[in-house]
Amino acid sequence: MAKRDFYDVLGVGKGASADEIKKAYRKKAKEFHPDRNADNPDAEAKFKEANEAYEILKDAEKKAAYDQYGHAAFEGGMGGGGQRGGHPGGDFSSAFSDVFDDLFGDFMGGQQRGGGRQRASRGSDLRYNLSVSLEDAYSGMQKTIQVPTSVGCGSCNGSGAEGGAEPVVCPTCSGMGKVRAQQGFFTVERTCPTCSGLGQIIKNPCKSCGGVGRVEKDRSLSVNIPAGVETGTRIRLAGEGEAGLRGGPSGDLYIFIDVAKHQIFEREGTNLFCRVPVSMTAAALGGDIEVPTIDGGRSRVKIPSGSQSGRQMRLRAKGMPALRGAGQGDMFIELAVETPVNLTSRQKELLKEFADLSEENSPESSSFFKSVKGFWDSMKS
């Protein structure tokens, strides 16, 4: 069976441009791809036929040879481009990569393989570490921060070209962002050295940004810090990251919160802990004390008589608010009984007198030493 004319296979005329040939091939590849034509036994053959035609017509030298000699240019050693090594379908992987993105791009999150699809690339995400006090984490706040980042160039409106002119198709790769070279039986593909894979070049780069479409600048941003944040909380500001390359979308800004250590309170989740020193006499006799709360207020706490170090008392709903939820944690008061120091002679006399009268007032101490005595007796026996 005689081989069909390559231009007829793709449905274009001999005067078709490289872009027209490329579009026609993509249309045919989508139409006859075997995965989309499971019930059509002829689809695979037509798909290979389109691959072979495009592999010849997309290359300027091969196209010129085909226009002059037809199919004979690639038969009998006259070029070997189309049927080298006995493969009538040409360089299938090389040709198919040109339409891989059109066929499957939607399933790959829009990330395209061809350089021409990356002309307006997305800017990078940025990270900003923000330290806040425990009081600010309790109440929430509105804070203005200075973020060093890249912003769209105002002189060229982000295009990278002087005066905002549009970039032109790279003449080396014809907008593909990659070039191919034949090495024996293999086709080697690499990033286009002229456009660095962008598929476009700027003839007259913008003087302000050097052709990249963005400039370095500190930005002032107002950030809402919600009540209840804690160390490690991440706040995302969409579109406030680095500007995209040549008009591409901006990345995001991620603010990571670090809550500074407090001199009075310790935090565990939504609960707060406060260690309160009390005198020996106050712990023994009992009484009332005032303790601070994170909202700046005061709470009166009753100390039971005979309280020991480490005893905890709870103040309900005096802790931190829950982030993105209802409710509030508790505050725990932990007593630390303090031994008096720098005693006067009179204080020492009174304490000695007290000690002589308080043999039965230290049950924990008495119990401990009884256990010690029993331990020693058992070791002797």
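Taken about its Cα centre, the chain carries a charge dipole of about 420 debye when Lys and Arg each add +1 at the Cβ and Asp and Glu each add -1 at the Cβ.
Note on Asp356: accessible area is roughly 120 Å² with a 1.4 Å probe, heavy atoms of protein only. On a per residue basis, the stretch 261-381 carries 74 Å² of accessible surface, using protein heavy atoms and a 1.4 Å probe.
With a 1.4 Å probe rolled over the protein heavy atoms of all chains, the accessible area of Val223, Val212 falls in the order Val212, Val223, largest first.
Accessible area per residue was computed with a 1.4 Å probe on protein heavy atoms; Phe369 scores about 130 Å². Treating the chain as a set of equal point scatterers at the Cα positions, no solvent, please give the Debye-formula log₁₀ I(q)/I(0) at q = 0.08, 0.10, 0.13 Å⁻¹. Taking Cα atoms of the chain as identical point scatterers yields -0.69, -0.86, -1.10. State the answer as a single residue: which of Phe256, Phe369, Gly177 lies farthest towards the positive end of the charge dipole of the chain, with beta carbon charges of +1 for Lys and Arg and -1 for Asp and Glu, about the Cα centre. So the residue furthest toward the plus end is Gly177. Taking a sphere under 15 Å around the Cβ of Ser133 and counting the other residues whose Cβ falls inside, with K and R at +1 and D and E at -1, yields a net charge of -3. Label zone (Arg324, point 7 Å along Cα-to-C-beta; backbone nitrogen cut-off 20 Å) within the stretch 250-291: 252-259, 268-271. Counting 0.36 nm for each residue step from Gln263 to Ser222 and taking away their Cα separation leaves a gain of 11.9 nm. Its relative contact order, with pairs defined as Cα atoms under 8 Å and 6+ residues apart, puts the chain at 13 percent. Ligands, DNA and RNA left out, the accessible area of the stretch 319-381 computed with a 1.4 Å probe is 55% carbon and sulfur. Using a cutoff of 8 angstrom between alpha carbon atoms and counting only pairs six or more residues apart, the relative contact order for the stretch 211-283 works out to 26 percent. By DSSP, the beta bridges lying fully in the stretch 238-381 are antiparallel in about 65 percent of cases.
On a straight-distance basis, which lysines could pair with Lys23 in a cross-link, Cα separation under 26 angstrom, same-chain partners fewer than 8 positions away excluded? Partners within reach: Lys3, Lys14, Lys46, Lys48, Lys58, Lys62, Lys63, Lys178, Lys203. By the Cβ distance rule (another cysteine Cβ under 4.7 Å), the unpaired cysteines of the chain are Cys274. Protein-only accessible surface at a 1.4 angstrom probe places the residues Phe47, Phe368, Phe186 in the order Phe186, Phe368, Phe47, largest first. Normalised by 2.2 N^0.38 Å, where N counts its residues, the alpha-carbon radius of gyration of the stretch 184-254 equals 1.76.
Taking a point 7 Å from the Cα of Val276 along the Cα-to-Cβ direction, the residues of the stretch 286-301 with backbone N closer than 14 Å to it are 286-294, 297-301. The candidates Ser131, Ser159, Ser381, arranged from most to least accessible area with a 1.4 Å probe in the full protein assembly, appear as Ser381, Ser131, Ser159. Size check on the stretch 151-281: the Cα extents along the three principal axes, sorted descending, read 94, 45, 18 Å.
Amide hydrogen proximity for Val132: with H placed 1.01 Å from N in the peptide plane, the residues at 5 or more positions away or on another chain lying under 5 Å are Asp258, Val259, Ala260. Counting only protein heavy atoms and using a 1.4 Å probe, the accessible area of Asp19 comes to about 80 Å². As a ratio to 2.2 N^0.38 Å, the alpha-carbon radius of gyration for the stretch 283-381 is 1.63.
The values are calculated or read from the model by the stated rules, or taken from the named source; none is laboratory data. Note that the structure is predicted; figures quoted are calculated from it, not measured. Please note: Cβ atoms are built from the backbone with ideal geometry, for glycine as well, and neighbour counts cover all protein chains shown. The area values use the complete protein model at the heavy-atom level, side chains included, leaving out ligands, DNA and RNA. Shrake-Rupley method; radii C 1.70, N 1.55, O 1.52, S 1.80 Å.
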